[in-house]
Structure formats: structure tokens, C-alpha cells
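The values are calculated or read from the model by the stated rules, or taken from the named source; none is laboratory data. All values reported here derive from a predicted model rather than from experimental measurement. Methodologically, a virtual Cβ is constructed for each residue, glycine included, from the backbone with ideal geometry; neighbour enumeration extends over all protein chains shown. Note: areas computed on protein heavy atoms with side chains; ligands, DNA, RNA excluded. Shrake-Rupley method; radii C 1.70, N 1.55, O 1.52, S 1.80 Å.
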Amino acid sequence: MKMHWRKIASVLTLGVVLTGASFLTTNLASAAPLVQTKVITPSTTTPIKHVVVIFGENISFDHYFGTYPNATNPAGEPAFHASPNTPSVNGLSSSLLTNNPNEANPQRLDRSQAMTCDMDHGYTDEQKAYDNGLVDKFVQYTEGTGTGCNSSTVMDYYDGNTVTALWNYAQNYSLNDNSFDTQFGPSTPGAINLISGQTHGAVAASSNVSAVVNGTDISDADPTYDDCSTTNGNTISMTGTNVGDLLNKQNITWGWFEGGFTPTSYVNGKAVCGSSHKNVGGATVTDYVQHHEPFQYYASTANPHHLPPSSSAMIGKTDQANHQYDLSSFWTALAQNNMPAVSYLKAPAYEDAHAGYSDPLDEQTFLVNTINKIEQSPEWSSTAIILAYDDSDGWYDHVMPTIVNQSDSTADALTGTGTCGTAKSGAYPDRCGYGPRLPLMVISPYAKQNYVDNTLTDQSSVLKFIEDNWKLGTIGDQSTDAYAGSLDNMFNFNINPKTVKPLILNPSTGEVVRR
């Protein structure tokens, strides 16, 4: 996502106060789907009965794990000391730190530098940064341009003294160091690939929308089926199938839960999303980011008016909310021991890790509070939490992605002007990928402990795991789920989950409280 300073603003002035459930059911019921009256307790192909996907923002693998498991441990910062048997990752070797092929060497960022500017992570510019596989043009093409930026910031990284919780999760669960953005580009393509593996089939609401090229979404534009989207007509919708459609066909409970989804008011029958919080830097950030909500791009799975569930018992089932919720609904379901089979969690913007308006410390607070609660719930013994990210923000990562989708459109630039290799006959254009390497973790009683997986995976590998676990079938129509790598090697399904104690961390420091 490009820098969006419009997200850093005071709370919106509210024009009409929300008047309660009667307004919603009387005035907006026409938009609600049919109520789901039958819910089946489905069989699964693994012991996992609940998947919780925590989908973060804009982090490359090297930006968080480049020096794992070796932390600097300066005085005054939370210390991290790896277990003696910790496996290595494909990270930043000494030569990459001291003699990098880019115009600057990577530098360590400490906790006082949690807030940074946003980097350039456009579809074309990211390809230029990888420069025919030389991976040496990040400073020229993906550097940030916001206040406080310099050209070399894009090369920099954090270690276990700042992203302490994530390093402790890696010590106790499973980390993949060979996972990639399904295609180059920013947030919206990453979110859509997470749920469908397919960014072709995008329909622009007006001719002014530059995010759609040759029918493929390559950039950020708000969803057409969302009251809180931009009002200037620069929105897009998606045709085709997503995982929500597959889950609905099998009557399996699911939901996308995002911070700030609950409207602060309704004006002329349309929802206004105006809640906000201050980040660690003191800036006020609007909670809800429309283009981070992928199901709102599809007519079949959208909740345009942000209607609440008709009752707490209906969370995860089909009713007027149509499986799209505020984060508070997830906590309600969890407290009632009624967590959906598949849950996607999106932090409010100030805690989603996106450089420019969020940061690793606010993200850590959200992650630890969330995971601590899930680990202490009755559902924990059959749950897999998957931590994944939507794009790299343009942050440097030294690994050249495997290009499984070639494209030769005017927007491509990996192997020359207008080219990312040569597209196969009949292939949908402008899906050049895999894109940059991203962190991927599995936190579960069944996750292999202190394990680094090298399986080649991408964002649609999460989709594939859900499809396979509930025997949903596949998306089809050139979806990347057809060849996505498996997450299975990150698990040990033969373990007795009762023998694995939850890892409880401190949300402020990321340090271990108990295990």
C-alpha cells in the first residue's frame, strides 16, 4: 500500500448517530443474505478443527527475521537468547550486511526506531528492485519518500530485541523461511490472493481506476461493495470465487474480523467507519482500512452496510452480517466457546504493522494479546493460528522469488521494460509472481517446535490448507491454489496436544511469561 496519510487523522465528525438494531433491521435488511439455518460439524483431514489466520501488513522476511536467531541485546531493550538447538534461516549473512550489492548496507533498527516511513511497494517498482534477479536496486526503486525517510531506510531490519514476541513464537512453534507474496505489489492483491489465489477478474467502477490493468488488480483500490469506501467512484469489485463461497457451500462456519468494522454512525443509510486510536508515535489513525478487507470486493461475501450479526449465536453463520464482522465479534464468539471453524483476523490500522502509521511494537501488543487469549481457550487444543502478511512494503529481502507466473504487460519490469519473463499462452496477465519473501508462522499445539520449514509456499498456501482440511475443492480458473506449496511440513499431527503447554508472552516486551 502506498503511503496513506489520510489514515492519520482526527476522528470523523459524526453526522447521524447510530440508533440501534431497529434502524439496521428496518432500513438495511434488504442487503442481508438469507439466514443459515443448518450448520454441520464437518470432518477434517487433520486434527485441526479451527484455523485462525492473523493477516498483518507490509513486512519482508529479512525486515523481521534477517538475523534470526542472533539478537544484539543492547542494554535497556528486551533480551533474546536462542535455544542452543535453534536452526538457522536463510537470512542476512555477514557479506550481505557489510558488502551488500545494493547502494547501502542493511542497518539494525532498535525499539526507539519502531516508527518509520512507508516504502514504495508498487507492482512495477518492486519488480525493478529485483533487477533481473540481481536483487540490487531497492534503494533506487522502493525507498520511502515520507517525512523522516532517507534512501537507505528500505534496507534496514529489526531483530529479537524489538520483534521479540515473533522471535519467541519462532522458538516454540514453526517458522517458514521460503514463503512469498503470491504476486508483486501492495495490500489489495495480497489480501485477494489469500482468499482466492486469483487477482484477475477485477472490474473498475470508473475509468479513473488505475489499479486494474488488463482485468487484473495490481494495486490498492477500495471495494465497490463497502459503504466506507471512497466516494469518488475509484473502487473495484471482483468476479469469480473465493474461499468464503466454498465454505458456505459446505455450511462451515467462518468469518473475517477487522478492527473498526463497526460503524460509528449511519448517514443517509450508509455506514460511516470513524473509530480511531493513537499509535506508539502519538498519531491518531483511523481503525478501518477498506482495501484490507478482501471479502468486500465480492458481491457474494460482502456486507456493504457493515451490519452486525443478528445474535451472538449467529457469529460465523450466514445472516445479515454475511460473515464480515468487527473484531469484537470474534472475542464474543471465543468467550462463548463458539469460535468459527475458519477465522481471519485483521488488526485495527494502528496495530497492523504497516510502516507510516503502525509499527512492530503496536503490532506486538495486538498479536500477543490475541494469541494469549486463544491459547487459553478450550478450542486451543484443536486450533492452528497462521501468521501471514499481505505484502513486503518494499522492504529489502535478499532472496530472489521463484517466478511461477510470468507476464509481459506494460506494467511489468522484472526482466526488462514490459516483461516479467514470457507469459504462457492463455495465462491471465499482470500476475507476475511470486513476489517478495514474507514471514509465515504456524502457532499450534500441533506445530513443530523451534522448527524452520523450507517448503516453497505463498499466500495461497493458506487457502490450500483450508481447502484441503475441510475438503472444499479448489477455486479453479487459474487460481494459484492449484500449485501452492503445502503447510503440512510445519505440523506434527501425531503429537498429543495436551502435552504442549501454551506459550504466554508479555504484550509490551514480547518476553516469555510462562510456558
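Computed from the Kirkwood radius of its Cα pairs, the Stokes-Einstein diffusion coefficient for segment 125-263 at 25 °C and 0.890 mPa s stands at 133 µm²/s.
Of the residues Arg514, Arg431, Arg108, ranked by 1.4 Å probe accessible area with the largest first, the sequence reads Arg514, Arg108, Arg431.
For segment 260-310, the Kirkwood hydrodynamic radius comes to 12.3 Å, computed from all pairs of different C-alpha atoms.
Note: relative contact order over segment 455-515, using C-alpha pairs below 8 Å and six or more positions apart, is 28 percent. Can you bin segment 187-328 into rounded, prolate or oblate? Criterion: square roots of the alpha carbon gyration tensor eigenvalues sorted a ≥ b ≥ c, rounded for a/c under 1.5, prolate for a/b above b/c, oblate for the rest. Judged from the Cα gyration tensor, segment 187-328 comes out oblate (a/c at least 1.5, b/c at or above a/b). Between the listed residues Val267, Ile218, Ser229, the Cα displaced farthest toward the positive end of the dipole of the chain, a dipole computed from Cβ unit charges relative to the Cα centre, is found at Val267. The DSSP beta bridges internal to the chain are antiparallel in roughly 50% of cases. Rounded to the nearest 20, the Cβ-based charge dipole of the chain about its Cα centre (Lys and Arg +1, Asp and Glu -1) stands at 1460 debye. Across all directions, the average flat footprint of the convex hull enclosing the Cα atoms of segment 82-173 is 7.2 nm². From its DSSP helices (H runs of at least four residues, each -39,500 (n - 2.57)), the chain gives a residue-normalised ellipticity at 222 nm of -4500 deg cm²/dmol. The Cα atoms of segment 339-388 cover 37, 18, 14 Å along the three principal axes, with the biggest extent listed first. Short-range pairs are left out: with C-alpha atoms under 8 Å and at least six residues apart, the relative contact order of segment 388-498 is 25 percent. The tail of the calculated P(r) for segment 373-482, taken as Cα-Cα distances beyond 16 Å, holds 70 percent of the pairs.
For the pair segment 413-459 / segment 186-205, the C-alpha centres are spaced 15 Å from each other. In a solvent-free Debye calculation with one equal scatterer on each Cα, what is log10 I(q)/I(0) for segment 319-365 at q = 0.19, 0.23, 0.30 Å⁻¹, listed in the order of the q values? The Cα Debye sum returns log10 ratios of -0.71, -0.85, -1.05. Pairwise inverse Cα distances across segment 281-434, averaged and inverted, put the Kirkwood hydrodynamic radius at 18.7 Å. Kirkwood hydrodynamic radius computed over segment 39-97 comes to 15.6 Å, based on all pairs of distinct alpha carbons.
Sorting 330-340, 395-405 by their mean Cβ neighbour count within 10 Å, with the most densely packed peptide first, gives 395-405, 330-340. With all projection directions averaged, the alpha carbon convex hull of segment 143-196 covers 5.8 nm². Hull volume per residue, based on the alpha-carbon atoms of segment 401-459 and their convex hull, is 103 Å³.
Taking the charge dipole of segment 371-502 about its Cα centre, with +1 at Lys and Arg Cβ atoms and -1 at Asp and Glu Cβ atoms, the residue from Val404, Ile385, Pro445 reaching farthest to the positive side is Pro445.
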